[in-house]
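Trainee: The structure's right below; bear with me while I get my questions together.
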Amino acid sequence: MASGVFHKLKTSFSTLPIRAKSTAIIIGICAVALITASFLQDAFNFFNEKTQLLERLSITAKVFSMQTVPALQFEDPKAATENLSALKYQPDIKRACIYNDRGEAFASYPEWNSMKNFAGEPLCPPARPEENIYGNGMLRIFRDITAGDHKVGIIYIEYDLSGMYRNLGRGWLINIAILVIAVILAFLLSSYFQHAVSEPIMRLAAKVREFSKSRDYSIRARKENDDELGELVDTFNRMIEEIGKTVESRELLAAIVESSDDAIISKNLDGIINSWNVGAAKVFGYSAEEAVGKHINLIIPHERLQEERYIVGEIKKGRSVEHFETIRHAKDGHDINISLTVSPIRDNSGKIIGASKIAHDITQRKQGETEIARYMRELERSNQELDDFAYIASHDLKEPLRGLFNHASFLLEDYQDKLDEDGVRRLHRLSDLAARMEDLVNDLLYFSRLGRAELAIQEINPNEIITDIEQMIEPFLKERNARIIVPKPMPRITCDRPRITEVFRNLITNAVKYNDKEERIVEVGFLEMAMGPEGLEKKVFYIKDNGIGIAEEFHQEIFRIFKRLQNSAGEKEQGTGVGLTFVKKIVERHKGRIWLESKLGEGTVFYFNINQEVS
């Protein structure tokens, strides 16, 4: 019953206007505070009064005990009674008794014959040890009477508490009067001042009602104060602004969804289609009216239903499925290659309630991939035929070249003494040209295979490669008074060791050959960063020499196949002009770049890096 009443009061209060609520709250708080304060004060006064009363009675008992000791010692009840008669000046003390050390009534106040009242009952209750007894509107105390360390009797005093209760009652009446006056003042003051709080709230409520009717996102409430109400107004204005932005974003997103060429579909966890954009109608041929409310199996081939079960399982786990390539049915029955991206849809509590699908038609791409695969097979066949042709051509070319070389050698051996100087020189030239032609054929065959051979990638230590090269070309270095220096250890790299070894060997030998200095120095090192032709490059190796240098107009020409520069250093060796072409090809196969800096007469620095992201 009490809970029902409380519920009715709560319901009634909730329907009150905010002004009445604020007034009621203020009055209620004031009333509760005053009642609590009054109760605490009266309780304090009551307990304080009882404590003081008990102290006064204890002092009174002690005084009369001291006066009664001689009467007890000389067993003079009359003297004890005369002493107690002084209690008549304390009208609230209704009764007092003196007991001897055996607990027998000795004297009393008021005095009655034989210590009995009019009814014939004993005036004094049975003696007790020291004790305080409250009951029937009385306070009764027992105290020992002592002489020195010896107990000679007991004194009993009975005090009427009605006077104290009357005083407390008057205090309650005064508190009630104060409470009524305070409530009236609180009502008047709250009625006067509550508009300072309620009016801004009422105006804000009006703005909220206006917004809910018009949905005008330009509505703003006026801020009047910098207190919590002002903060509430700021929050309302920000909320309207954010809602406006959200609605704008949703409308923009809806426009994007509808204008997208991709099929964008939403469905619940049971597979029922909830939304179907224009792109879905274009891709699958079904209109939104035909698709919404139907099961997603409408566009899924029977043999691919297992895929849908897998996708739903991933969605229920909160996972997305991205770029899932599959086949779906169009309305006219033809198959469509699509790439699916499926994401879970959650409600405000975070619970997964469905899935959003974006289906991109990749039919043309698949057709293109099929064409590319066909072209790749044809290219592989063509490359194989080219390899076969290059091998056969090189083999067939080498045979006459070897014949020319051998015949020239035989002529020199058999007829050198019969030929003049010009004839001998021409035969030597013929042998040199035949040997050079064979070198060109070998280099051409190697170059044709260099771009297609698989790289044997592994982690290597470039410092070990430089040491191996130095040992391998040691006679070559001593003959030309050359030396290789490595300023600091280079980091390990991942590459095809034989190919990168060829890069270092080729650049080092060129640095020695194309050098006219008395002491030829080749420095091999590593830089974390270096400026290249296309900007800043990372993890760069360099080979620096003090040789003849290369003119700027030849900086790109030297990488062309069979392109040779005149060796002004006076070297007798004549290469085929493919070394730097091989170097550039190997570096590019390792996704790197090679470039150089050079000054005529001062030397050249070749830079290269590998394993770079090529833009």
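Conditions tested, residue by residue: (1) in contact with a helix residue (DSSP H, G or I) (Cβ under 6 Å, 6 or more places away or on another chain); (2) open to solvent by less than 60 Å² (accessible area, probe 1.4 Å); (3) more than 29 Å from PHE47 (Cα to Cα); (4) at pLDDT below 90.
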site: ALA79; (1), (2), (3), (4): yes, yes, yes, yes
site: TYR89; (1), (2), (3), (4): no, no, no, yes
site: TYR99; (1), (2), (3), (4): no, yes, yes, no
site: SER114; (1), (2), (3), (4): no, no, yes, yes
site: GLU121; (1), (2), (3), (4): no, no, yes, yes
site: GLY137; (1), (2), (3), (4): yes, yes, no, yes
site: HIS150; (1), (2), (3), (4): no, no, yes, yes
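Trainee: Counting only residues that are at pLDDT below 95 and buried (at least 18 other Cβ atoms within 10 Å of the Cβ), which one in segment 525-539 is nearest to the chain's Cα centre (by Cα)?
Mentor: Here the answer is GLU537.
Trainee: Select from segment 129-159 the residues that are of a type in the set (Lys, Arg) and either in contact with a Lys or Arg (Cβ under 8 Å, 6 or more places away or on another chain) or under 15 Å from LYS94 (Cα atoms) (or both) and list them in ascending order.
Mentor: ARG140, ARG143
Conditions tested, residue by residue: (1) touching a helix residue (DSSP H, G or I) at 6+ places or on another chain (Cβ under 9 Å); (2) closer than 21 Å to ASP361 by Cβ; (3) assigned to a loop (DSSP other than H, G, I, E, B); (4) modelled with pLDDT of 85 or more.
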{"site": "PHE236", "(1), (2), (3), (4)": "yes, no, no, no"}
{"site": "GLU241", "(1), (2), (3), (4)": "no, no, no, no"}
{"site": "VAL247", "(1), (2), (3), (4)": "no, no, no, no"}
{"site": "ASP261", "(1), (2), (3), (4)": "yes, yes, yes, no"}
{"site": "ILE264", "(1), (2), (3), (4)": "yes, yes, no, yes"}
{"site": "GLU303", "(1), (2), (3), (4)": "no, yes, no, yes"}
{"site": "ILE311", "(1), (2), (3), (4)": "no, yes, no, yes"}
{"site": "GLY318", "(1), (2), (3), (4)": "no, no, yes, yes"}
{"site": "GLY333", "(1), (2), (3), (4)": "no, yes, yes, no"}
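Trainee: May I ask you to list the residues in segment 466-501 that are out of contact with any strand residue (DSSP E or B) (no Cβ under 7 Å at 6 or more places or on another chain), of a type in the set (D, E, K, R) and buried (at least 18 other Cβ atoms within 10 Å of the Cβ)?
Mentor: Of everything in segment 466-501, just one residue is out of contact with any strand residue (DSSP E or B) (no Cβ under 7 Å at 6 or more places or on another chain), of a type in the set (D, E, K, R) and buried (at least 18 other Cβ atoms within 10 Å of the Cβ), namely ARG499.
Trainee: All but one of (1) modelled with pLDDT of 85 or more; (2) in contact with a helix residue (DSSP H, G or I) (Cβ under 7 Å, 6 or more places away or on another chain); (3) not in a strand (DSSP E or B) hold for THR60, so report the exception by its number.
Mentor: Evaluating THR60 over (1) modelled with pLDDT of 85 or more; (2) in contact with a helix residue (DSSP H, G or I) (Cβ under 7 Å, 6 or more places away or on another chain); (3) not in a strand (DSSP E or B) leaves (2) as the failure.
Trainee: Another question, then. Please indicate, with yes or no, whether at least one residue in segment 506-523 is touching a Ser or Thr at 6+ places or on another chain (Cβ under 8 Å), in a helix (DSSP H, G or I), at pLDDT below 95 and surrounded by 14 or more Cβ atoms within 10 Å (Cβ to Cβ).
Mentor: Among the residues of segment 506-523, at least one is touching a Ser or Thr at 6+ places or on another chain (Cβ under 8 Å), in a helix (DSSP H, G or I), at pLDDT below 95 and surrounded by 14 or more Cβ atoms within 10 Å (Cβ to Cβ), which makes the answer yes.
Trainee: Please identify the pairs in which a residue from segment 579-604 that is within 13 Å of ASP496 (Cβ to Cβ) has its Cβ atom under 6 Å from the Cβ atom of a residue that is among the basic types (Lys, Arg) and modelled with pLDDT under 90, counting only partners at least 6 apart or on another chain.
Mentor: ILE586/ARG499
Trainee: While we're here: When you scan segment 258-278, how many residues do you find that are among the polar types (S, T, N, Q), within 20 Å of GLU314 (Cβ to Cβ) and open to solvent by 30 Å² or more (accessible area, probe 1.4 Å)?
Mentor: Going through segment 258-278 one residue at a time, the tally reaches 2.
Trainee: Here is a follow-up. Looking only at segment 42-62, filter to residues that are open to solvent by 80 Å² or more (accessible area, probe 1.4 Å) and aromatic (Phe, Trp, Tyr); which one of those is nearest to TYR159 (Cα to Cα)?
Mentor: Filtering first and then ranking leaves PHE47.
The values are calculated or read from the model by the stated rules, or taken from the named source; none is laboratory data. Being a predicted model, the structure only gives us computed values, none of them experimental. No Cβ is skipped: glycine too gets one built from the backbone with ideal geometry, and neighbour counts run over all protein chains shown. Surface accessibility is based on the protein's heavy atoms, side chains included, excluding ligands, DNA and RNA. Shrake-Rupley method; radii C 1.70, N 1.55, O 1.52, S 1.80 Å.
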